[in-house]
Amino acid sequence: MSRFPQVRMRRMREASVLRSLAQETRISISDFIYPIFVTHGRGVRNPIDPMPGMYQLSLDNLIPEIDEVVSLGIGAVLLFGLPASKDAEGTEAYEPSGIIQEAIRVIKQTAPDMLVITDVCLDEFTDHGHCGVIRNGRVDNDATLELLSRMAVCQAEAGADVVAPSAMMDGQVASIRTGLDSTGFENLPIMAYSAKYASSFYGPFRVAADSAPQFGDRRGYQMDIANSREAMREIQMDIDEGADIIMVKPALSYLDVISRAREAFGYPMAAYNVSGEYAMVKAATENEWIDGQRITLEILTSIKRAGADMIISYHAKEAARWLS
Ligand code: PBG
């Protein structure tokens, strides 16, 4: 004798312990990578207006920041830097005294076990704000590869644990792998920003890193927001070139891409919960239009549910507090 409804899904939802036992996805502090912006000078702690809670920090202020990150149980940071001066070739990106290289050393002195990941891209260091060098009015792919490889090696020599190429130049992973292998860093992993879209969600970051392009936009090298099959080709290409970790960026509007990549590739995958995603949550929270804590944890959970193993997020510190 069957009675209607035969299956009662609500049986499993009644008790919180049972809900928890049956929960399919859990985020934890060990999933997070926290981005940090570093700058020259002393005593600098500039608030980044569109990203409440985020600062540009000078290296003296980086030390307490790292102590805090450690005390929250976050094991990895991703560095972005503001150089002392910018030029057409982004020189400070591959000088041993460059801001990122200095910051790596400070972090390694403060917290030797902290996993330091560095962005390999020229946009923060070029005066024109593009991710590569300009030849004949356009971003020149092959001339840029050489510089990206030098940049990655320079970061590795300063003590970086993982390098993360984000310039979207064709062949960048292979070029960096070759550079690292020939300088004794064959064990240093590459986290490739494989499917990086030409997204408007990077707006606040470009304020934070002072890296808005001075002419044109990035659609000549970053991916069309409308494409998903192309993302699979980008990821495959990075894997073939030697990527150890693949990435989809941004995260929230691209959960379908994360999910598709999870099914297609058995590689460790990162997702980047980018600045615009953070800014929207913060703005709505400050207006008391949403419950910031619950929405943040929902977003982070959904990114993981879609298939990301690790999440780069400006929310990492607060999320770590809420989760502990
Ligand atoms: C490139 C880079 C960007 C971001 C991370 N690495 C900017 C860009 O491509 O314009 C954006 C991250 C974010 O929005 O949080 N160096």
On Cα atoms only, tilt of 255-264 relative to the major axis of the chain in degrees: 90
Taking the chain as the reference, fit the longest principal axis to its C-alpha atoms, fit the long axis of helix 59-71 to the helix C-alpha atoms, and give the angle between the two in degrees, 0 to 90, nearest 10. 30
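Test of understanding: express the Cα radius of gyration of the stretch 3-52 as a ratio to 2.2 N^0.38 Å, with N the residue count. Can you show the working numbers first?
Details: Rg = 22.9 Å, N = 50, 2.2 N^0.38 = 9.7 Å.
It is 2.36.
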How large are Rg and Dmax for the stretch 26-323 when calculated on the C-alpha trace, in angstrom? 17.7, 54
Show me the trypsin sites (Lys or Arg not before Pro) within the stretch 1-33 that DSSP assigns to loop and that have at most 14 other Cβ atoms within 10 Å of their Cβ. R3, R8, R13, R26
Vicinal HN-Hα couplings computed from phi for the stretch 122-136 (Karplus, 6.51 cos²θ - 1.76 cosθ + 1.60; Hz; Gly/Pro x): 8, 4, 6, 10, 9, 6, 8, x, 8, 7, x, 8, 9, 10, 6
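Can you give the % of DSSP beta bridges in the chain that are antiparallel, to the nearest 5? Each step should come with its number before you reach the end.
Values: 5 of 39 bridges.
Roughly 15 percent of the beta bridges in the chain run antiparallel, per DSSP.
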Percentage relative contact order, the chain, counting C-alpha pairs under 8 Å, at least six apart: 18
Charged-residue dipole, Cβ positions (Lys, Arg, Asp, Glu), the chain about Cα centre, Debye nearest 20: 1660
Taking the Cβ of each residue in V153, V173 as the centre, tally the other Cβ atoms inside 10 Å and list the residues starting with the fewest. V153, V173
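Order of S97, S313, S2 from fewest to most other C-beta atoms within 10 Å? Let's see the in-between values first.
On the way: S97 9, S313 26, S2 5.
Least crowded to most crowded, the residues run S2, S97, S313.
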Compute the acute angle (0 to 90°) between the alpha-carbon long axis of helix 172-181 and the principal axis of greatest extent of the alpha-carbon atoms of the chain; round to the nearest 10°. 70
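Below 8 Å, C-alpha to C-alpha, sequence gap of six or more: please give me the relative contact order for the stretch 242-314 in percent.
Values: 96 pairs, mean separation 29.6, N = 73.
Reported as a whole number, the value is 41 percent.
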In deg cm²/dmol, rounded to the nearest 500, the helical mean residue ellipticity at 222 nm of the chain, built from -39500 (n - 2.57) for every DSSP H run of length 4 or more, is -11500 deg cm²/dmol
Inter-site label distance for V70 and E146 at 7 Å from Cα along Cβ, in nm: 4.1
Cβ-Cβ cut-off under 12 Å around L18, Lys and Arg +1, Asp and Glu -1: the net charge is +3
Summed over the other residues with a beta carbon less than 11 angstrom from that of Y193, with K and R at +1 and D and E at -1, the charge totals -1
Within the under-10-Å Cβ sphere about A306, not counting A306, Lys/Arg +1 and Asp/Glu -1 give a net charge of +3
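FYI, it's all coordinate maths here, none of it is from the lab. Every value quoted in this text rests on a predicted model; they were computed, and no experiment measured them. Cβ: placed from backbone, ideal geometry, glycine included. Neighbour counts: every protein chain shown.
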